[in-house]
Amino acid sequence: MTTKQYSFKILVIGDPGTGKTSIIRRFVHDVFTANYKATIGVDFAMKKMTLDDDTQVYLQIWDISGQDRYGVMTRVYYKDANAAIVVMDATNDQTKEGAYRWKADLDQKLILTDGSHIPCILVVNKCDLENNITDEELNDIKLTYSFTDVMRASAKEDFGIQEAFTAVAKRILACERSGQYEITSSKRPGNILLYDNDKQETKKRISCNCIPSFHNPF
């Protein structure tokens, strides 16, 4: 049996302090540290997953600084993304409003060629701490803001993290198999459009060499 291999680009976005870096480190390295330096610009991580008997995926995970919302550079970071995880803090209502704004920013700047938005899951982090978020509220958020799914999680206690990334990867694969779009792989380009409302300004900022070239694992 031939194993199919894919490379997915997944954005992790959300307000500062929501635990984006903690989530990524838990998923990629299975470690948790209470204190991290704030991400400046963008950080990167890689993780290989096996989705089923004949499918392997390499996840390129982009940790976007929470300070970059609405900035021109998010347009650069979003380019060719296959999916996104928006992170909010279960104990901080302000990050819930921030999550909505991040989702709106993503939907405004990135669209698939069939007119739909990329798969996007809302991860409610720090659910190991006391909070007043109900399942009914989470369902309302999912429907109102068109999230692919909404999931409770805790990077500290290690629950919901693996499930979130697996769900995102499977959703991308399902979109490809149903013909909604072609995902980025080693032999064909992604079928994703980036809105260019700020095209000229983006050109001025892209010279900072913030975006490295990934080594293709295939």
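Summing Lys and Arg as +1 and Asp and Glu as -1 over all other residues whose Cβ lies under 11 Å from the Cβ of VAL123 gives a net charge of 0. Counting only residues 5 or more places away or on other chains, whose amide H sits under 5 Å from the amide H of CYS120 once H atoms are built in the peptide plane? Those qualifying (amide H under 5 Å, at least 5 residues apart or on another chain) are ALA84, THR148, ASP149. Between the amide H of TYR6 and those of GLN56, VAL57, TYR58, distances stay under 5 Å, these residues lying 5 or more places away or on another chain, with hydrogens modeled in the peptide plane. In this structure the amide hydrogen of ARG152, modeled in the peptide plane, comes within under 5 Å of the amide hydrogens of VAL124, none closer than 5 places in sequence on its chain. Segment LEU143..LYS79, full-extension length gain: 20.5 nm, with 0.36 nm per residue of separation and the alpha-carbon distance subtracted. Counting neighbouring Cβ atoms within 10 Å and putting the fewest first, the residues HIS117, HIS29 line up as HIS29, HIS117. Among the chymotrypsin sites (Phe, Trp or Tyr not before Pro) in region 52-112, those located in a DSSP loop and surrounded by at most 14 other Cβ atoms within 10 Å of their own Cβ are TYR70.
Were the residues from HIS29 through TYR100 laid out at 0.36 nm apart, the gain over their Cα-Cα distance would be 22.7 nm.
Sorted from fewest to most neighbouring beta carbons within 10 Å, what does the list GLU130, GLU176, GLU97 look like?
With the sparsest Cβ surroundings first, the list reads GLU130, GLU97, GLU176.
If you average the alpha carbon positions of region 122-145 and of region 34-113, how far apart do those two centres end up, in angstrom? Between the Cα centre of region 122-145 and that of region 34-113, the gap is 18 Å. Karplus-based coupling profile of region 144-157, in residue order and whole Hz: 5, 9, 6, 6, 4, 7, 10, 9, 7, 7, 8, 5, 5, 8, with θ = phi - 60° in 6.51 cos²θ - 1.76 cosθ + 1.60 and x standing for Gly or Pro.
For region 129-143, the Karplus equation 6.51 cos²θ - 1.76 cosθ + 1.60, evaluated at θ = phi - 60°, returns couplings of 8, 4, 8, 10, 7, 9, 4, 5, 5, 4, 5, 5, 4, 4, 6 Hz by residue, with Gly and Pro reported as x. The residues MET151, MET88, MET46, when put in order of fewest to most other Cβ atoms within 10 Å, stand as MET46, MET151, MET88.
Any read-out appearing in this document is the output of simple, stated calculations on the displayed coordinates, not a laboratory observation. In this text, all values refer to a predicted model and were calculated from it rather than measured experimentally. Cβ: placed from backbone, ideal geometry, glycine included. Neighbour counts: every protein chain shown.
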